[in-house]
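Trainee: Mind having a look at this structure? Questions to follow.
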Amino acid sequence: MQSLLNKKIVLGISGGIAAYKTPELARQLIQEGATVQVVMTQAATQFVTPVTMQALTGNPVFTSQWDSSVSNNMAHIELSRSADAIVIAPASADLMAKLSLGLADDLLSTLCLARDCPLLLAPAMNKQMWEHAATQRSVERLNKDRVTLLGPASGFQACGEVGMGRMLEPFEITEQVIAFFQKKPLIGKKVLITAGPTFEPIDPVRGITNLSSGKMGYALARAAHAAGAEVTLVSGPTALPIPYGIKIVSVITARDMYDAVMAHIAHQDIFIAVAAVADWRVSEVSQQKIKKQNATSPELQFEQNPDILAAVAALPKPPYCVGFAAESENLLEHGAAKREKKRIPLLVGNIGHQTFGKDDNELVLFDANGHKNIARASKAILAGKLIEEIAHRL
Ligand code: C5P
């Protein structure tokens, strides 16, 4: 599914080194179905060429308000009139200051002033420039003018420093643009999600864990955020990037996960337990590495971990609880029974237990009325559908 089908996006580029990532952003927006019209400032053309952008988008690139090829010589009006949104990436400190004051001295700033569509900016600048009081005043004014800021993020910067001001990655900007156009059924709601595996140590270098990449839980966190919710993600060890706009709490063991969930559960509206929590932990964790001894194997004693989902569902005023099940057989029977046993309104079964690490899946939903299937799709699409189902039931 293309999430930006029929959307016309004016992609503005201002002068900053992060412009080297904008061709990739244009490619991703087009892949999602958008028509992309690029407008560049003169400074931007020092970092990426109009030819590159033209070749990628299939549309002529505008760099000047004095372009005689535009009918009526009114490029600023024409371009913004037909657009569903203007997205500027990177948005430099200079451009943000200009837009916050309503200045219009080149094509990009003029078309922002003349627009009647939403404006989304992905700031990119050195950390000192971002933190400068003048830039923060621009941010405040832009917020008041209902301009949407995507980022910036913190991290390694081209100038060699590390700090706030780094442009979001193209995939994050694409995701935010998609989220911007989506329905927001969870606005004002708080959602807590567990994801990934837990790791239960045996000794300082060994442990037991469950198979789980965290992809489904992270996709659900993104989908809930896109639906307008305030999302907290309690995650076991995964190799996934932290989703933008989401509070992450990293844990290792099931007991850590239990503690983190209980510390955040107050005032949550929805709890989605996606984590593959280890059912057992080793009773006595060795402080030193257990040495191999000829012919004898260590004997491990196990004890049960707390059932986080069941504990949340048993709270006096539980949030709307959703559980997951990965069964190796008899999913329909076990799924329905598990929902009742855990006393939760909704349980999601993975059809086929070999979903670990894959990018797609097929689901079956169990509720008080029976069960229904959600057809095979990418985990991102499934997450969106599941959030819609949850919002609907809420
Ligand atoms: O009991 P079982 O592991 O089959 O149930 C799976 C569901 O319960 C998942 O939603 C999982 O996140 C949750 N769970 C939990 N704490 C555990 C075990 C499972 O929250 N200790």
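Trainee: Residue check: is I248 in contact (Cβ under 8 Å) with a residue 12 or more places away in the chain, more than 30 Å from R222 (Cα to Cα) and away from the ligand (no atom under 13 Å from the Cβ)?
Mentor: It is false that I248 is in contact (Cβ under 8 Å) with a residue 12 or more places away in the chain, more than 30 Å from R222 (Cα to Cα) and away from the ligand (no atom under 13 Å from the Cβ).
Trainee: Right, next: From the set of residues in region 338-366 that are modelled with pLDDT under 90 and under 22 Å from R393 (Cβ atoms), which is nearest to the ligand (Cβ to nearest atom)?
Mentor: Result: N350.
Trainee: What pairs can you find where one residue is in region 319-338 and under 26 Å from V231 (Cα atoms) and in contact (Cβ under 8 Å) with a residue 40 or more places away in the chain, the other is open to solvent by 60 Å² or more (accessible area, probe 1.4 Å) and more than 8 Å from the ligand (Cβ to nearest atom), and their Cβ atoms are less than 6 Å apart, with a gap of 6+ or different chains?
Mentor: Taking only residues 6 or more apart or on different chains, the pairs are Y320/L394; A326/H353.
Trainee: Okay, next question. Among the residues that make up region 128-136, is at least one of them in contact (Cβ under 8 Å) with a residue 40 or more places away in the chain, under 25 Å from the mean Cα position of the chain (by Cα) and open to solvent by less than 80 Å² (accessible area, probe 1.4 Å)?
Mentor: So far as region 128-136 goes, no, none of its residues is in contact (Cβ under 8 Å) with a residue 40 or more places away in the chain, under 25 Å from the mean Cα position of the chain (by Cα) and open to solvent by less than 80 Å² (accessible area, probe 1.4 Å).
Trainee: Return the residues of region 275-305 that are within 12 Å of the ligand (Cβ to nearest atom) and aliphatic (A, V, I, L, M); say none if nothing qualifies.
Mentor: Within region 275-305, A275, A276, V277, A278 qualify.
Okay, residues lined up against (1) under 19 Å from F324 (Cα atoms); (2) surrounded by fewer than 24 Cβ atoms within 10 Å (Cβ to Cβ):
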{"position": "A179", "(1), (2)": "no, yes"}
{"position": "L186", "(1), (2)": "no, no"}
{"position": "I208", "(1), (2)": "no, yes"}
{"position": "Y218", "(1), (2)": "yes, no"}
{"position": "A254", "(1), (2)": "yes, no"}
{"position": "H267", "(1), (2)": "no, yes"}
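Trainee: Any idea how many residues of region 90-111 are under 22 Å from T174 (Cβ atoms) and either modelled with pLDDT under 95 or part of a loop (DSSP other than H, G, I, E, B) (or both)?
Mentor: 2
Trainee: For N369, state whether it is more than 12 Å from the ligand (Cβ to nearest atom) and open to solvent by less than 40 Å² (accessible area, probe 1.4 Å).
Mentor: No.
Trainee: Considering only region 353-369, state which residues are in a strand (DSSP E or B) and touching a residue at least 24 places away in the same chain (Cβ under 8 Å).
Mentor: Listed by number, the residues that qualify are N361, V364, L365, F366, D367.
Trainee: Working carefully through the options I390, I308, find the one that is open to solvent by less than 50 Å² (accessible area, probe 1.4 Å), of a type in the set (V, I, T), touching a residue at least 12 places away in the same chain (Cβ under 8 Å) and away from the ligand (no atom under 11 Å from the Cβ).
Mentor: I390
Trainee: Is at least one residue of region 316-337 over 27 Å from the mean Cα position of the chain (by Cα), of a type outside the set (D, E), over 21 Å from G349 (Cβ atoms) and within 15 Å of the ligand (Cβ to nearest atom)?
Mentor: No, region 316-337 contains no residue that is over 27 Å from the mean Cα position of the chain (by Cα), of a type outside the set (D, E), over 21 Å from G349 (Cβ atoms) and within 15 Å of the ligand (Cβ to nearest atom).
This table checks each residue for (1) at pLDDT below 95; (2) farther than 18 Å from R281 by Cα; (3) within 16 Å of the ligand (Cβ to nearest atom).
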position	(1), (2), (3)
E161	yes, yes, no
M164	yes, yes, no
Q182	yes, yes, no
L186	no, yes, no
V191	no, yes, yes
T194	no, yes, yes
F199	no, no, yes
L211	yes, no, yes
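Trainee: Can you give me the ranges of the strands (runs of 3 or more DSSP E) entirely in region 150-201 with at least 1 residues that are touching a Cys at 6+ places or on another chain (Cβ under 6 Å)?
Mentor: none
Trainee: On to the next question. Would you tally the residues in region 325-340 being among the charged types (D, E, K, R) and either closer than 17 Å to V277 by Cα or part of a loop (DSSP other than H, G, I, E, B) (or both)?
Mentor: So the count comes out to 4.
The values are calculated or read from the model by the stated rules, or taken from the named source; none is laboratory data. Treat the numbers as computed from the prediction; the structure is a model and nothing was measured. With ideal geometry, Cβ positions are generated from the backbone for all residues, glycine too; neighbour counts draw on all protein chains shown. Heavy atoms of the whole protein, side chains included, go into the accessibility calculation; ligands, DNA and RNA do not. Shrake-Rupley method; radii C 1.70, N 1.55, O 1.52, S 1.80 Å.
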